[in-house]
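Chemist: Have a look at this one before I ask anything.
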Amino acid sequence: MFHLVAALPWGIVVLRYLLPLTAPLWIKLALALVLLVVAEQHLISRWLTGSIFSPETPRPLSMVLNALFGALILLAVFQLLMDLVMFITMLFKQQRLSAPDMVRYALAGLALGLGMLGVQQATRVPPVKDIEVTIQGLAPPFEGYQIVQLTDLHISGLFPEAWSRAVVERTNALNADAILITGDLMDGTLQNRRDDVAPLAGLRAPDGVFVIPGNHEYYFGYEPWMQHYVSLNMQRLSNSHALIERDGARLAIAGVTDPAGPSRGLPGPNVAAAVEGIPAEVPIILLDHQPKNARDAAREGVALQLSGHTHGGMIVGMDRIVARANNGFVSGRYNVEGMTLYVSNGTALWMGFALRLGKPSELTRITLRRE
């Protein structure tokens, strides 16, 4: 189904953009073939590597393919909008209209430019985004407590060792009290990604680095990856919690597994188990890769839930579609039955659709305040 959907913009561009051009037929056919390869690059990757989630494509080629794929989708949208405008105009003027080639070339240039910009925005080392969260019952020693949330790093051929090292350096420079990683750290097997994730061992925070799985951990060997994260000096939270103490006061960091688990015979997320045993007066911060079940966390007394998974919707307009698949949660802060939910746009994203337009990546620094 995914590959059929990917073919839709190709069909629109071929039928409504390429065929009406006055260029020679052989040029139009050649362009149609090239665009078909771009549209079905994920299917081709599946044939060649057995997976669409970790195409072992060189970074420069991956950036070109993503820019072209983005341009193809945008050109299809622009073409449909132009068709709509022309149809409405024809209804009023009662005469047949045809867009000149120069208008079509301009649309293609705009789509390609935006595709290139989208890849640049997606692959950069993200800027710091500062937010403050007020937590009821937060003890005085935790006033001003700072957390850095990393999520959806998707370390891969597109986000290799040099990129992950730069992210670690920028994160450590923030001098946060704790670093919380909410899943999807990589794309690929441990054998292929070992060197690329190695810089994560350099993450430093006085109260530690905590990690939960995302859905992508389950695609490439869940247990080996989770054990490897522990070897990189991360504390694993799998339907469990840890208590941080300061001057006799405590703060709980809880974490759950991902809904992808049960389909592979592994435990799914269990908020009740994760918070079991936490004293009632201790505020709870929950790490849950996917935001869609935030209401369950609110009912368990969680004060703050940190999530990712959505990549912020990646492109303005498309974020509304992503929101529908996540119970309305896609980007930023939400009040969920008195609990604060924060959905990060992500530190990176899946290399199979590495585009961002209006939904920037982020290193999220969260400062806790007493109510």
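Chemist: Select, from 120, 95, the only residue that is in a loop (DSSP other than H, G, I, E, B) and either charged (D, E, K, R) or more than 30 Å from residue 338 (Cα to Cα) (or both).
Modeler: Exactly one of 120, 95 is in a loop (DSSP other than H, G, I, E, B) and either charged (D, E, K, R) or more than 30 Å from residue 338 (Cα to Cα) (or both), namely 95.
Chemist: Can you find even one residue in the stretch 2-11 that is farther than 25 Å from residue 87 by Cβ and touching a Leu at 6+ places or on another chain (Cβ under 7 Å)?
Modeler: Within the stretch 2-11 (the criterion being farther than 25 Å from residue 87 by Cβ and touching a Leu at 6+ places or on another chain (Cβ under 7 Å)), the answer is yes, since at least one residue qualifies.
Chemist: I'm told residue 101 meets every condition in (1) acidic (Asp, Glu); (2) open to solvent by 80 Å² or more (accessible area, probe 1.4 Å); (3) farther than 19 Å from residue 38 by Cα except one. Can you identify the failing condition by its number?
Modeler: All conditions are met except number (2).
Chemist: Right, something else. All but one of (1) within 30 Å of residue 173 (Cα to Cα); (2) of a type outside the set (Phe, Trp, Tyr); (3) open to solvent by less than 60 Å² (accessible area, probe 1.4 Å); (4) part of a helix (DSSP H, G or I) hold for residue 137; which doesn't?
Modeler: Failed condition: (4).
Chemist: Just the residues that are part of a loop (DSSP other than H, G, I, E, B) and either surrounded by fewer than 18 Cβ atoms within 10 Å (Cβ to Cβ) or of a type in the set (A, V, I, L, M, F, W, C) (or both), please, taken from the stretch 272-285.
Modeler: 276, 277, 278, 279, 280, 281, 282 - these are the residues of the stretch 272-285 that are part of a loop (DSSP other than H, G, I, E, B) and either surrounded by fewer than 18 Cβ atoms within 10 Å (Cβ to Cβ) or of a type in the set (A, V, I, L, M, F, W, C) (or both).
Chemist: Kindly provide the set of residues from the stretch 253-269 that are within 25 Å of residue 134 (Cα to Cα) and over 19 Å from the mean Cα position of the chain (by Cα), ordered by number.
Modeler: Correct list: 253, 254.
Chemist: Residues that are within 18 Å of residue 354 (Cβ to Cβ): which helices (runs of 4 or more DSSP H) entirely in the stretch 144-239 hold 2 or more of them?
Modeler: 161-172, 190-197
Chemist: Within the stretch 198-224, can you find the residues that are of a type in the set (A, V, I, L, M, F, W, C), within 30 Å of residue 49 (Cα to Cα) and surrounded by fewer than 21 Cβ atoms within 10 Å (Cβ to Cβ)?
Modeler: Scanning the stretch 198-224 gives 198, 201, 220.
Chemist: Quick one: which of 153, 185, 138 is of a type in the set (A, V, I, L, M) and within 16 Å of residue 251 (Cα to Cα)?
Modeler: After applying the criteria, what remains is 138.
Chemist: Determine which member of the set 251, 243 is touching a Pro at 6+ places or on another chain (Cβ under 7 Å), at negative phi and assigned to a strand (DSSP E or B).
Modeler: After applying the criteria, what remains is 251.
Chemist: Another question, then. Only one of these is within 22 Å of residue 315 (Cβ to Cβ) and crowded, with 21+ Cβ neighbours inside 10 Å: 112, 153. Name it.
Modeler: 153
Chemist: Scan the strands (runs of 3 or more DSSP E) fully inside the stretch 286-354 and keep the ones with 1 or more residues being open to solvent by 40 Å² or more (accessible area, probe 1.4 Å), polar (S, T, N, Q) and under 21 Å from residue 370 (Cα atoms).
Modeler: In the stretch 286-354, the matching strands (runs of 3 or more DSSP E) lie at 332-336.
The values are calculated or read from the model by the stated rules, or taken from the named source; none is laboratory data. Since the structure is predicted, the reported quantities are computational estimates derived from the model, not experimental observations. Using ideal geometry, Cβ is built from the backbone for each residue, glycine included, and neighbour counts are taken over all protein chains shown. Surface areas here come from the heavy atoms of the whole protein model, side chains and all, with no ligands, DNA or RNA. Shrake-Rupley method; radii C 1.70, N 1.55, O 1.52, S 1.80 Å.
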